[in-house]
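Student: Dropping a structure here in structure tokens format, bear with me for questions.
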């Protein structure tokens, strides 16, 4: 199969189910942002040395691919079998958040991203995750999106925030609390 099909040369693309839509369609924007997030999580995985954390990030990438598949599907009653996202995926994130938070100092103020490269990239991924959640919520206004996708993205942004703090601490970095200048 060739990577180029030439079917998108006129500014449209196909959804799962065959429907063609403009490349700026809300559904494309939503799953495109998830795709961007998947790439950033891969970058972060390449920066991490601990195998268990790498496994967690690979799992998250897999679940994000599932989110993108669900978002990219527009067909009523079609016989397409998609991977499934479920409550245990959200619970996985919550358990990992709790494990990491148990090793961190409680937050006393907002923190500014930075401190080391890995932590900074995780903060970028967190902001992309939030944008992905917003885009999916916007899509959900016109085209119903499974609520588990929205819950997963919401919890993932929480995970990424805590993960950024955790990675910073693991690498000997120091958090910078935001103290307004004025």
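Student: If the chain between residue 147 and residue 112 were fully stretched, how many nm would it gain, using 0.36 nm times the residue separation less the Cα-Cα distance?
Tutor: 9.5 nm
Student: Something else about it: Could you calculate, for the chain, the ratio of the Cα radius of gyration to the Kirkwood radius, expressed as Rg to Rh?
Tutor: Rg/Rh: 1.02.
Student: Same structure, new question: Set the Förster radius R0 to 45 Å, insert the Cβ-Cβ distance between residue 174 and residue 95 as r into 1/(1 + (r/R0)^6), and round the FRET efficiency to 0.05.
Tutor: The pair residue 174/residue 95 has a calculated efficiency of 0.95.
Student: Would you kindly state how much longer the chain becomes between residue 74 and residue 7 on full extension, computed as 0.36 nm times their sequence separation minus their alpha carbon distance, in nm to one decimal?
Tutor: Computed gain between residue 74 and residue 7 is 22.3 nm.
Student: If I model a spin label as a point 7 Å beyond the Cα along the Cα-Cβ vector, how far apart are those points for residue 54 and residue 81 in nm?
Tutor: 3.1 nm
Student: Something else: If you average the sequence gap of Cα pairs under 8 Å that are 6 or more apart and divide by the length of region 37-182, what percent do you get for the contact order?
Tutor: 31 percent
Student: Counting other beta carbons within 10 Å of each residue's own, what order do 175, 76 fall into, fewest first?
Tutor: 76, 175
Student: Here is a follow-up. Take peptides 82-92, 2-12, 145-155 and line them up by average Cβ neighbours within 10 Å, highest first, as a rough protection proxy.
Tutor: 145-155, 82-92, 2-12
Student: How would you order 44-57, 97-110 from highest to lowest mean count of nearby Cβ atoms within 10 Å?
Tutor: So the peptides 44-57, 97-110, ranked by packing, come out 44-57, 97-110.
No lab work stands behind these numbers, since they all come straight from the coordinates. Computed from a predicted model, the values in this text were never measured in an experiment. Cβ sites come from the backbone with ideal geometry, for glycine too, and all protein chains shown count toward neighbours.
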